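Reviewing the structure listed below.
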Amino acid sequence: RFAGAESSHTGRLELQVNKGKRLGVLGGANLKNSSDLRAGGATGVLPKTGYGQQSLDLKLNYAVAENRELVFGYQYDNTEDAWRVHRTIYSKSWLGTTIGTDQELSLDQRRQLAYLQYQWNRVSRHIDHAKLSLSWHSQYENQFRRRSDGARTSDGFDVGTAGFWGQFSSSTKIGRLTYGWEYYLDFVDSFREDPDNAKPEARVSPRGPV
């Protein structure tokens, strides 16, 4: 995919492999690169609006039996140097909007998800379909800011989420009934660094944005 306004290009490479009737593998990689956005009218090019993004995904399906399947999945996504331009001096006024004062305000973001699922049909006389899932999801974000006076700050968070859920379905006289449960537990870590702070004890803080 190509786009002219921001001179961006996005591509995906995908591979699918089957081994007999029991094993299937699907994997892919995405790459996106966007240059500075060229706005309409007299606004022109908006500096610092370009960024890069990469992602990967993998999925394996294994037929344990005729009516049972084991599924493993993995996803990875990474975004680098994405600016919040409207809060910086590089912004441009549009119909009287205020230009920011920061010299820099950029973010890096990363996300990963891994899961293992077990699903089967015709479970019993009363249960038509069942699915169990275990997962781990991590999210990381780091924001770097350089204020108008040159003072720097860096803050962000790192969140890991463990998940466990089950879903079942049964046929009843009034229609299909779907039921189950889900449980998630978050492990949250946040940080803030202020290296230019006049107070040494305030340069590193154990708590940032959550």
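Based on Cα contacts under 8 Å between residues 6+ apart, the chain shows a relative contact order of 12 percent. Separation of the stretch 83-155 from the stretch 25-79 is 13 Å, based on Cα centroids. Among Tyr183, Tyr118, Tyr140, whose mean-square fluctuation peaks in a Gaussian network model of the chain (Cα, cutoff 10 Å)? Most flexible of the set in this elastic network: Tyr183. Extents of the stretch 30-155, largest first, come to 68, 35, 27 Å (Cα atoms, principal axes, whole angstrom).
Within the chain, what's the longest stretch lacking trypsin sites (Lys or Arg not before Pro) that sit in DSSP loops with no more than 10 other Cβ atoms inside 10 Å? Formally, the longest exposed-site-free interval is 22-124. Here is the list for the stretch 65-171: GluC sites (Glu not before Pro) lying in DSSP coil, each with at most 13 other C-beta atoms within 10 angstrom of its C-beta, are Glu66.
State which entries of Lys48/Lys92; Lys19/Lys59; Lys19/Lys131; Lys32/Lys92 exceed 19 angstrom in Cα-Cα distance in the structure shown. Result: Lys19/Lys131; Lys32/Lys92 exceed 19 Å.
Quick note: the coordinates plus some simple rules give every number you see, no bench work behind them. None of these values were measured; they are calculated from a predicted model. Cβ atoms come from the backbone with ideal geometry, glycine included; neighbour counts cover every protein chain shown.
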